[in-house]
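Below: the structure, in structure tokens.
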Amino acid sequence: MRPSPCARAKIRGDHLEYVAPATLDEAFRALELDEAHCLAGGQSLVAMMNLGLVAPARLVSLRRIEALRGVETDRDGSLRIGAMTTHAELAALDHPSPAARLLGQAARVVAYPAVRAWGTLGGSVAHADPAADYPVVLVAAQAAIEIGSARGTRCVAAGEFFLGLFETALVRGEIVTAIHLPAGPAGAACRYEKLSLVAGDFAILSVAALGDRVVVGGFGPRPLRFEEVGQTAPTSDHRASAAYRRRVLPELVKRCTSR
Ligand SMILES: Cc1cc2nc3c(=O)[nH]c(=O)nc-3n(C[C@H](O)[C@H](O)[C@H](O)COP(=O)(O)OP(=O)(O)OC[C@H]3O[C@@H](n4cnc5c(N)ncnc54)[C@H](O)[C@@H]3O)c2cc1C
């Protein structure tokens, strides 16, 4: 039998297998196993494994896959951002479009430098934590999530991708390959405001404004357009009560939208 082209290691005896494919096709094949999980920056997945919330049989590292890296600019100013782009790379992204500036603002307040050095855009998007910084920005920017699998490639609008608490439009065997970020209206104001208990923590609430689009994070199980907020019962969790969220949201929106 020929040796697999994947870098391969066994961790904890036979219980957890680690593979590091070099191409997307190899990764799609590795994900065919039930209970195979992608491993990007590991900043959420490893914590979930440590807490016993997930117990993958195989980790499929995405780190060696060139096709998931890099940021490409189109002539219309839109960007295609590879899923393995780290928070630190996004924080340093120097692009003048309103949407790219908004994404950069959010990247700079994700956690702290150690997490930003490892965590990735694709990992955060796939994880879909309602308190995370990117989902709200991507919905405000009308971004599209590019998804690959052995069946081909599809794109899903960010507004339809985030379905609920840690729930997305991804199905088994699929990998987030890139984010398509339109430039946004020329000259549009853009601002991201995040309220957290301490700097570097997840958001209690966040608001992303791009032109006249305002999207709220942390209020419900998925990013909400401002117009939807009134129809949603706010989240109550260890960070803040529903009543607190309802009370402070107007001030956060005001800060985000005042010029
Ligand atoms: C101390 C700490 C503080 C944090 N604070 C914040 C914060 O303030 N704001 C914030 O937004 N986030 C925060 N995070 C989360 C951080 O941003 C993570 O980097 C992010 O949620 C997951 O990205 P990752 O690359 O580490 O993904 P991983 O942890 O490797 O993976 C997360 C999940 O996504 C899946 N996955 C990963 N990549 C892909 C892909 N390309 N396609 C399909 N599935 C994929 C994995 O299988 C797993 O289920 C924090 C994390 C830590 C540890």
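Based on alpha carbons, the Rg and Dmax found for region 74-113 are 10.3, 33 Å. Our estimate of slack between Arg64 and Tyr112, defined as 0.36 nm per intervening residue step minus the Cα-Cα distance, is 14.8 nm. Looking at region 1-141 only, what percent of DSSP beta bridges run antiparallel? Nearest 5 please. DSSP beta bridges in region 1-141 are roughly 55 percent antiparallel. Sort region 50-171 into rounded, prolate or oblate with this rule: let a ≥ b ≥ c be the square roots of the eigenvalues of the Cα gyration tensor; rounded if a/c is under 1.5, and if a/c is not under 1.5, prolate when a/b is larger than b/c, oblate otherwise. Rounded is the answer for region 50-171, as its axis ratio a/c remains below 1.5.
Translational diffusion of the chain was estimated from the Stokes-Einstein equation, with Rh taken as the Kirkwood radius over Cα pairs; at 37 °C and 0.692 mPa s the coefficient is 174 µm²/s. Annotation: region 168-242 has a Kirkwood hydrodynamic radius of 14.6 angstrom, from the mean reciprocal C-alpha pair distance. Here the gap between Asp129 and Glu160, fully extended at 0.36 nm per residue and compared with their Cα-Cα distance, gives a gain of 9.6 nm. Longest stretch of the chain clear of exposed loop sites (GluC sites (Glu not before Pro), DSSP loop, at most 12 other Cβ atoms within 10 Å, sites excluded): 36-259. Which of rounded, prolate or oblate describes region 46-97 when judged by the alpha-carbon gyration tensor and an a/c cut-off of 1.5? Judged from the Cα gyration tensor, region 46-97 comes out prolate (a/c at least 1.5, a/b above b/c).
For Tyr192, Tyr134, the sequence from fewest to most other C-beta atoms within 10 Å is Tyr192, Tyr134. Placing +1 on the Cβ of every Lys and Arg and -1 on the Cβ of every Asp and Glu, with nothing else charged, gives region 119-218 a dipole about its Cα centre of roughly 200 debye.
Listed by Cβ neighbour count within 10 Å, with the fewest neighbours leading, Met49, Met84 appear as Met49, Met84. On the principal axes of its alpha-carbon atoms, region 185-226 has extents of 34, 22, 9 Å, going from largest to smallest. Is region 95-249 rounded, prolate or oblate when judged by the Cα gyration tensor, a ≥ b ≥ c being the square roots of its eigenvalues, rounded requiring a/c under 1.5 and prolate requiring a/b larger than b/c? Cα axes put region 95-249 in the rounded bin.
Close amide H pairs (under 5 Å, H built 1.01 Å from N) link Ala169 with Leu163, residues at least 5 positions away or on another chain.
Across region 242-256, coupling constants 3J(HN,Hα) worked out from phi with the 6.51/-1.76/1.60 Karplus curve, θ = phi - 60°, read 4, 4, 5, 4, 4, 6, 8, 4, x, 5, 5, 5, 4, 4, 6 Hz, and Gly and Pro carry x.
Computed from the coordinates by the stated procedures, all read-outs in this text should not be read as laboratory data. Note that the coordinates shown come from a computational prediction; the quantities given were computed from them, not determined experimentally. FYI the Cβ positions are ideal-geometry reconstructions off the backbone, even for glycines, and counts take in every protein chain you see.
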